[in-house]
Amino acid sequence: MDGSRIADIIEIEQLLARYAAGMTMDDVDAVLAVFAPGGTYSAFGEKYGTADFPSLMAAAPKGVFSVSTPAIEFDGDDAATGVQPLCFVAQADHSMRIGYYTDAYRRTPDGWRLETRAMTFLRRDGSRDSGRPHDPRRPVPGQTSAN
């Protein structure tokens, strides 16, 4: 490992820890703070912008977002990609969802931020997908709670 990247790796790891803690604590502002301007989250067959997060999080089940250390690859000084495994345990019934995030990170004037985050769920039958797009509780991207 390139020793000059250690500070960047720690900063990205802390960024992702703040995302998981924010999701676990249902803290929309903490989650929004980890995204770069124009950042997106993809799951359930849709791509959501940060303006969609309040309604997206309101529709999501509550629980613990347990993540592991990300595998990070740098592309120049100000860009990187990574993969981070996830285990979500629902608060209501302790059911689990497992999978991984595929990320793109960008260095901004405020430090490293998520540019894109895409969820892949690992299913019992061995399949991998981005979730079920037909869930009626899930908001349509671009239709924020203010609309």
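Give me a count of the residues in the stretch 56-75 that are among the small types (Gly, Ala, Ser) and part of a helix (DSSP H, G or I).
Residues meeting the conditions: 2.
Scan the stretch 43-55 and tell me whether some residue there is buried (at least 19 other Cβ atoms within 10 Å of the Cβ), over 14 Å from the mean Cα position of the chain (by Cα) and assigned to a helix (DSSP H, G or I).
Yes, the stretch 43-55 contains a residue that is buried (at least 19 other Cβ atoms within 10 Å of the Cβ), over 14 Å from the mean Cα position of the chain (by Cα) and assigned to a helix (DSSP H, G or I).
Between a first residue in the stretch 36-54 that is in contact (Cβ under 8 Å) with a residue 60 or more places away in the chain and a second residue that is in a helix (DSSP H, G or I) and of a type outside the set (Gly, Ala, Ser), which pairs have beta carbons less than 7 Å apart while being 6 or more apart in sequence or on different chains?
Gly39/Thr50; Tyr48/Leu56; Pro54/Val28
Taking the conditions exactly as written (over 24 Å from Asp93 (Cβ atoms) and basic (Lys, Arg)), does Lys47 satisfy them or not? Steps first, please.
Details: over 24 Å from Asp93 (Cβ atoms): yes; basic (Lys, Arg): yes.
Spelling it out, Lys47 is indeed over 24 Å from Asp93 (Cβ atoms) and basic (Lys, Arg).
Based on this model, can you work out whether Ile98 counts as more than 29 Å from Arg124 (Cβ to Cβ), surrounded by 14 or more Cβ atoms within 10 Å (Cβ to Cβ) and either among the hydrophobic types (A, V, I, L, M, F, W, C) or modelled with pLDDT under 95 (or both)?
No; evaluated as a whole, the condition is false for this residue.
Looking at the stretch 28-42, which of the residues that are surrounded by 17 or more Cβ atoms within 10 Å (Cβ to Cβ) and small (Gly, Ala, Ser) is farthest from the chain's Cα centre (by Cα)?
Filtering the stretch 28-42 for residues that are surrounded by 17 or more Cβ atoms within 10 Å (Cβ to Cβ) and small (Gly, Ala, Ser), the one farthest from the chain's Cα centre (by Cα) comes out as Ala36.
Might you check whether a residue that is of a type in the set (Lys, Arg) and in a strand (DSSP E or B) occurs anywhere in the stretch 76-97? Walk me through it before giving the result.
Here is the first cut: in the stretch 76-97, the residues of a type in the set (Lys, Arg) are 97.
Checking which are in a strand (DSSP E or B) leaves us with 97.
Within the stretch 76-97 (the criterion being of a type in the set (Lys, Arg) and in a strand (DSSP E or B)), the answer is yes, since at least one residue qualifies.
The values are calculated or read from the model by the stated rules, or taken from the named source; none is laboratory data. These figures come from a predicted structure and were not determined experimentally. Note: ideal-geometry Cβ built from the backbone for every residue, glycine included; neighbour counts use all protein chains shown.
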